[in-house]
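K.L.:
Right, I'll just put the structure down here and ask away after.
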Amino acid sequence: MNDAWKQDPRLKSMNPEKIKFLTDFTEQLNRTPKDQMMARFLSLSTEASQKNISFTDQETKLLTEILLTHMNPADKGKIDMLRTLSQKLAFRRG
């Protein structure tokens, strides 16, 4: 993944500490082997919690939109699949 996402003007309103966390995380993703990418991506929430960083629903939606525009089609498909699964699980609980 390239760093073009950091230039998105919608990020200007986000806390700089959150941007730093995401920048560090994407740098780690860039060093992660392809077969471990999804597991690494899924660890984002856990790592954020450990650093007392939380994202609002609006921030999460924004970040997902931004990151999806900079992913290759295969990775986009994986993320879309996870989002669909997440929505189905949430629906079952509710």
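K.L.:
Can you pull out the residues in segment 49-78 that are modelled with pLDDT of 85 or more and closer than 13 Å to MET14 by Cβ?
P.N.:
Across segment 49-78, the qualifying residues are ILE53, SER54, PHE55, THR56, GLN58, GLU59.
K.L.:
How about segment 29-68: which of its residues are hydroxyl-bearing (Ser, Thr, Tyr), part of a helix (DSSP H, G or I) and open to solvent by less than 40 Å² (accessible area, probe 1.4 Å)?
P.N.:
Of all residues in segment 29-68, those hydroxyl-bearing (Ser, Thr, Tyr) come to 32, 43, 45-46, 49, 54, 56, 60, 64.
Filter once more, so that each one left must be part of a helix (DSSP H, G or I): 45-46, 49, 60, 64.
Passing the criteria: only THR64.
K.L.:
Please find, among THR56, THR64, THR46, THR32, the residue that is of a type in the set (Ser, Thr, Tyr) and touching a helix residue (DSSP H, G or I) at 6+ places or on another chain (Cβ under 6 Å).
P.N.:
Values: THR56 fails: touching a helix residue (DSSP H, G or I) at 6+ places or on another chain (Cβ under 6 Å); THR64 fails: touching a helix residue (DSSP H, G or I) at 6+ places or on another chain (Cβ under 6 Å); THR46 fails: touching a helix residue (DSSP H, G or I) at 6+ places or on another chain (Cβ under 6 Å).
It is THR32.
K.L.:
Also: Please verify whether LEU85 is surrounded by 11 or more Cβ atoms within 10 Å (Cβ to Cβ) and at negative phi, treating the condition exactly as stated. First the steps, then the outcome.
P.N.:
Working: surrounded by 11 or more Cβ atoms within 10 Å (Cβ to Cβ): no; at negative phi: yes.
The answer is no for LEU85.
K.L.:
For the structure I just gave you, tell me whether PHE25 is of a type in the set (Phe, Trp, Tyr), loosely packed, with under 13 Cβ neighbours inside 10 Å, at pLDDT below 85 and not in a loop (DSSP other than H, G, I, E, B).
P.N.:
Numbers: of a type in the set (Phe, Trp, Tyr): yes; loosely packed, with under 13 Cβ neighbours inside 10 Å: no; at pLDDT below 85: yes; not in a loop (DSSP other than H, G, I, E, B): yes.
Considered against the rule, which asks whether it is of a type in the set (Phe, Trp, Tyr), loosely packed, with under 13 Cβ neighbours inside 10 Å, at pLDDT below 85 and not in a loop (DSSP other than H, G, I, E, B), PHE25 comes out as no.
K.L.:
From the list GLU59, GLU27, GLU65, pick out the single residue that is touching a residue at least 40 places away in the same chain (Cβ under 8 Å) and acidic (Asp, Glu). Talk me through it step by step, then tell me what you get.
P.N.:
Details: GLU27 fails: touching a residue at least 40 places away in the same chain (Cβ under 8 Å); GLU65 fails: touching a residue at least 40 places away in the same chain (Cβ under 8 Å).
Being touching a residue at least 40 places away in the same chain (Cβ under 8 Å) and acidic (Asp, Glu) holds for just one of GLU59, GLU27, GLU65, which is GLU59.
K.L.:
For the structure I just gave you, tell me whether MET81 is of a type in the set (A, V, I, L, M, F, W, C) and touching a residue at least 12 places away in the same chain (Cβ under 8 Å).
P.N.:
Working: of a type in the set (A, V, I, L, M, F, W, C): yes; touching a residue at least 12 places away in the same chain (Cβ under 8 Å): no.
In short, no.
K.L.:
Looking only at segment 69-78, how many residues end up being touching a residue at least 12 places away in the same chain (Cβ under 8 Å) and assigned to a helix (DSSP H, G or I)? Before the answer, list the steps.
P.N.:
To start, the set of residues in segment 69-78 that are touching a residue at least 12 places away in the same chain (Cβ under 8 Å) comprises 69-71, 75, 78.
Then keep just the ones that are assigned to a helix (DSSP H, G or I); that gives 69, 75, 78.
The number of residues fulfilling the criteria is 3.
The values are calculated or read from the model by the stated rules, or taken from the named source; none is laboratory data. Bear in mind the structure is a predicted one, so any value in this text is a computation, not a measurement. Please note: Cβ atoms are built from the backbone with ideal geometry, for glycine as well, and neighbour counts cover all protein chains shown. Side chains included, ligands, DNA and RNA excluded: accessible areas come from the protein's heavy atoms. Shrake-Rupley method; radii C 1.70, N 1.55, O 1.52, S 1.80 Å.
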